[in-house]
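Working notes for the structure below.
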Amino acid sequence: MTQALPQGRLYESQKLALWYFWVALALFGAQVLFGLLAAWQYLDPNFLYGKLNFMTNRMLHINAMIVWLLLGFMGGVYWFLPLELGREVVGIRLARFAFFTLIAAVGIVVLVYLLVQYGPGNAFTLWLITEGREYIEAPRWADLGIVAVMAIFLYNVVATALKAQRITGVVAVLMFDLVALAGLYTAGMHYTPNISMDQYFWWWVVHLWVEATWEVLVGSIMAMALMHLLGTPRRIVETWLYLEVALVFGTGILGLGHHYFWIGTPEYWLGLGGFFSALEPIPLVAMVVHAVYDAGMHRMHTVNQPALFWAIAQAFGNFIGAGVWGFMQTLPQINLYSHGTQLAPAHGHLAFFGAYVTAILTVIYMALHQVRRPELARFDSKLWKWAFVLMVVGIFGMSAAMTVSGFTQTMVERAIGGSTWQAYIDAQQHPWFQNGMVWRFVFGVFFLVSYLLLLWDLVTIGKGEARAVKGVGAHDQ
Amino acid sequence: MEIGWIETTVGALFATVVLTLWLSRGSGWLEPRFWRNAAVVSSLIMTGVLAYLTIDSLNQIREGSARVPAYAVINKEIGLKRDYEKRRDIPVIGEEVGFFGKVWSEEEAYALVNKGKMTLQSRNCMDCHTLLGNGAYFAPDLTRAWLDPKWETMVKGMTGKASKEEAMAAWLQHPDRYPTSVRRMPNLGLTDEEAMALVAFLKWMSAIDTNGFPDRFAGVQ
């Protein structure tokens, strides 16, 4: 196969990556839309009551997010891998097959979610409609499909590295991480009537998968991005990546314990979970230091400003969303009262956006640059700054509003009211809670507008200017 | 077996640091090799500790253990008591009172709670409610739902049923008919059997020792 393609040409793997990106962006839109519907139902509980209930909107909201982020990550890897290894990805047809299979499966699952919504209380529902377990609601047939797609993905990365006879530090980290990524997902596929055991392994997917293996996956992608975006030397990038893995796994694996405070598990998790999760922000602080230093070294100059800005937003967003908002409620003494309140989605929104959305947008801007403009030409538009600023304001606004509501719940429902049904209702009707929900919706609309601006910018940026490259043509796919 | 968390923490961190330093002899701390060793060592040690703790935890949360009661607990009275030494509430299992007017054998209780859990998943309860504090936040937490005073003070009257479990089952089948707030639960078409099973599941769950969450539920003295 081709070694080091001539300037301006794309590897097949990169053309495929663009497909991944556009579908990811479409699902991002679906996530925002169903999120808004769910947010509106807080304000008007009768809206679509009995037809498209909160539970369905919310399920589509979080599942769209998981799938689009995964697609974004896979796109990012398919984009950078041939550049990293200097050769085409092997099994490109297999990769295409996996892509279309995944899209078809997602389409079927979404239709079932919308049209069928729920089923009888038996194994039929769990296999074909929904498993009904928050974040991993996908029916079991789709779960198996996701693992198969991840296995194909892992195979492609490993086989390409073996064929290229070149395993860089980044690729080594990536390979080990993908093994964990495919493996941990299977922990969420077991049924048991014992809710304590159910939750024990549920968190292996929701914490270890999302907070550990995804963090490392995004770290590998950002490492490759930084080498191309700022020309940071490999030695420095890889040292940072190792350091990040050491800290993320060193703190995050037992940091899992902060989810084991109240599910029936032994008391030692209170101490272990509290201690290790207090350490979890450390790698995130390290990344902020690194990002500021790196950007400062280059005086914020690069030909691809939007990508640089999203990369810096990634470092800060990850630290603030995952680190600060997470730490705020992670000690058992606080969590006893804040657990199960709007503080959790406040943290979730900020963390997912800060850690993952920003990273994928960085990579998409870099990919579009290579597709549409010569390598050393500036990649710029008037719109991207608006999209960037509004989106950051939107997500912070939503999170701040939910923080106020969550604080009200913590006090009124948990600390004073004794967590009963009536205490729940009292907290939900408290003006501070309700104002929070209004502002969450307002900033949600804000976010939708910024999403549309972003999408428009991604479609148009760099187009219409003279393209010095030939034979690309993949941008309109 | 009781594991001290401080010993575990200090031991895991100490082993990680010592092993990393030993493997990285001759490297400066800014070299890639040092941090590669640190990454591999910390991942392996923490995974090892997690594996060990998982085995211990699973033994402690097996149904029928001290923390997670056997399913036949649905036949018993369940309550909460403040443990002032530990400063938390613990579930207490009382007299045998039966459930839906009969005493269920261990196998029957298992089948019923199992059906309840399947029903819970099939109706996607966690995308509105929280259980053990996890889930969505659109509807009340169900961790101690069985012990909630509202069943006695309000729902029994609404549904005209004689016992709490019958009132709960009737309410679950027609939540749209018995509003308790502006936000109503939709009618999810539960069958008689599913409603009864769901109540059994909720009763069983309320007897799990959750390290005191939620604190002073319904104002436990």
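The values are calculated or read from the model by the stated rules, or taken from the named source; none is laboratory data. Because the structure is a prediction, the values reported are computed rather than measured. Cβ sites come from the backbone with ideal geometry, for glycine too, and all protein chains shown count toward neighbours. The area values use the complete protein model at the heavy-atom level, side chains included, leaving out ligands, DNA and RNA. Shrake-Rupley method; radii C 1.70, N 1.55, O 1.52, S 1.80 Å.
Annotations for the structure displayed:
- Subset of region B:97-123 [more than 10 Å from chain A (Cβ to nearest Cβ) and in contact with an Asp or Glu (Cβ under 8 Å, 6 or more places away or on another chain)]: B:V97, B:F99, B:F100, B:V103
- Qualifying residue in region A:168-182 (condition: of a type in the set (S, T, N, Q) and either part of a helix (DSSP H, G or I) or free of Cβ contacts under 8 Å to residues at least 60 places away in the same chain (or both)): no
- Some residue of region A:241-254 being without any contact (Cβ under 8 Å) to a residue 40 or more places away in the chain and of a type in the set (V, I, T): yes
- Tally of residues being open to solvent by 10 Å² or more (accessible area, probe 1.4 Å) and among the hydrophobic types (A, V, I, L, M, F, W, C) across region A:86-101: 5
- Any hit, region A:204-222, residues being of a type outside the set (V, I, T) and over 17 Å from the mean Cα position of the chain (by Cα): no
- A:W269 more than 7 Å from chain B (Cβ to nearest Cβ) and among the aromatic types (F, W, Y): yes
- Top-ranked residue of region B:156-204 - restricted to ones that are acidic (D, E) and within 13 Å of chain A (Cβ to nearest Cβ), ranked as least open to solvent (accessible area, probe 1.4 Å): B:E194
- Total residues in region A:119-162, condition facing chain B (nearest Cβ under 9 Å) and basic (K, R): 1
- Selected residue [within 8 Å of chain A (Cβ to nearest Cβ), over 15 Å from A:D198 (Cα atoms), surrounded by 15 or more Cβ atoms within 10 Å (Cβ to Cβ) and modelled with pLDDT of 95 or more] from B:L53, B:L80: B:L53
- Answer from A:L230, A:L208 - the residue that is at pLDDT below 95 and buried (at least 22 other Cβ atoms within 10 Å of the Cβ): A:L208
- Index of the failed condition, A:K382 passing every other in (1) surrounded by fewer than 23 Cβ atoms within 10 Å (Cβ to Cβ); (2) modelled with pLDDT of 95 or more: (2)
- Pairing residues of region B:129-140 that are assigned to a loop (DSSP other than H, G, I, E, B) with residues that are open to solvent by 20 Å² or more (accessible area, probe 1.4 Å) and β-branched (V, I, T), at Cβ distances under 8 Å and at least 6 apart in sequence or on separate chains, gives no pairs at all.
- Residue satisfying all of: in region A:416-435; closer than 17 Å to B:R144 by Cα, in contact with a helix residue (DSSP H, G or I) (Cβ under 7 Å, 6 or more places away or on another chain) and more than 8 Å from every other protein chain (Cβ to nearest Cβ); least open to solvent (accessible area, probe 1.4 Å) among these: A:A423
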